[in-house]
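**Q** Below you will find the structure I want to go over with you.
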Amino acid sequence: MPESNAIIESDLLEKLERLTIHWQKSLPGLVGGHNLSRIRGSGQEFLDHRHFHHGDDLRDVNWRAFLRLDKLFLKMFQLEPRVPVRILVDTSRSMLTGGEDGTSLNKFDYARQLAAALCYVGLIRLDTMTIQPFSGKMGQSLRAGGGRQRIQPVLRFLEGLKCGGQTNFMEVTREFMSTYEQRGVVIVISDFLDDADCERPIQYLADFGHEVFLAHVWSEEDRVPPWDGDLDLEDAETGTHLQLPFGPDARAAYTEAFDKFAASIKNIALRNGGRYVAISTATPIEDAVFGPFVRMGVLQ
């Protein structure tokens, strides 16, 4: 197993081996639909092993390894071509907010942990994974495949990402569709804060034929600001200032507006056959992965 890393702990990686990224669409010419990433049978290329879990097929156990190590491992095989999975990670300046109280991560660090967990689930099941950072436009990406041994380059890539710039979902979507012509699974990890409309770009991704999973990452202060009094607020991305009095009534109105915004993001995902998960950065990554991500069917 990979060693402990600043992005994600190795004990969590082992727990993730029982999961699979699940999609519903069957894309022409690709292994897909209700996918089984472990392919059995002759004529397939052996690629990796993973730990045995309850419910796995005993016919896939590497019994020679068991006799040597006294541990159960399953043999993994590769069948091409596979459905590509692209994880879009928001690196705009607004993702740096949150975590000021020291009890939780800021949104950017949380998004990187989540991306690492999802990428490892895909790698262990032999999916082809791409990490694509974005803000006003797409940044340099990383494509990984071939099993668990590729997780360390992924973790180093995520560690090296920097936040900056203003979100522009429309520009990023145009660039994404011209860069990635093959349809597949698109997982967007973002706070979805864009001065322009972010719903139309998401709709375009679905219309193009991608299956869209939206991971809405928010800090507690995003939904329920803790401040009182006369505030001088600065937009994290544009630098514009807004002065306003803030008290219980304003806080309640703000929370209501946030919930309405989150509902609009959720609706656009669900009406296009996608998935939506809202995650507070106060939620431990393990609880998020084995909780809402499993309940919504993103992971199985």
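**Q** For the range 209-235 and the range 97-122, what is the centre-to-centre distance using only Cα atoms, to the nearest Å?
**A** 14
**Q** Would you tally the net charge around Pro226, using a Cβ to Cβ cut-off of less than 13 Å, leaving Pro226 out, and scoring K and R as +1, D and E as -1? Walk me through the numbers on the way to the answer.
**A** Numbers: positive: Arg223, Arg251; negative: Glu100, Asp101, Glu220, Glu221, Asp222, Asp228.
Here the count lands on -4.
**Q** What is the packing order of peptides 262-274, 239-251, 208-220, 114-126, taking the mean over residues of other C-beta atoms within 10 Å and listing the highest first?
**A** Details: 262-274: 15.9, 239-251: 10.5, 208-220: 21.7, 114-126: 24.9.
Ranking the peptides 262-274, 239-251, 208-220, 114-126 by packing returns 114-126, 208-220, 262-274, 239-251.
**Q** Ignoring ligands, DNA and RNA, what percent of the accessible area of the range 133-194 is carbon or sulfur (1.4 Å)? Kindly include the intermediate steps, with their values, before the conclusion.
**A** On the way: 1230 of 2740 Å².
Whole-percent figure for carbon plus sulfur exposure: 45.
**Q** With no solvent and one point on each alpha carbon, what is the Debye value of log10 I(q)/I(0) for the range 129-239 at q = 0.09, 0.15, 0.19, 0.22 Å⁻¹?
**A** Debye output, listed in q order: -0.31, -0.79, -1.14, -1.37.
**Q** Moving on to the next point. Which value in nm describes the separation of the simple spin-label points at Asp197 and Ser10, placed 7 Å from the Cα toward the beta carbon?
**A** 5.0
**Q** Rounded to the nearest 5, what % of the DSSP beta bridges within the range 170-300 are antiparallel ones?
**A** Values: 6 of 18 bridges.
In the range 170-300, approximately 35 percent of DSSP beta bridges are antiparallel ones.
**Q** Moving on to the next point. For the range 192-274, what is the accessible area per residue in Å², given a 1.4 Å probe and the full set of protein chains?
**A** Values: 4520 Å² over 83 residues.
On a per-residue basis, the range 192-274 sits at 54 Å².
The values are calculated or read from the model by the stated rules, or taken from the named source; none is laboratory data. Owing to the predicted nature of the structure, the values given are computational and were not obtained by experimental measurement. Quick reminder, even Gly has a Cβ in these numbers, built from the backbone with ideal geometry, and neighbours come from all protein chains shown. Accessible surface areas use protein heavy atoms only, side chains included; no ligands, DNA or RNA. Shrake-Rupley method; radii C 1.70, N 1.55, O 1.52, S 1.80 Å.
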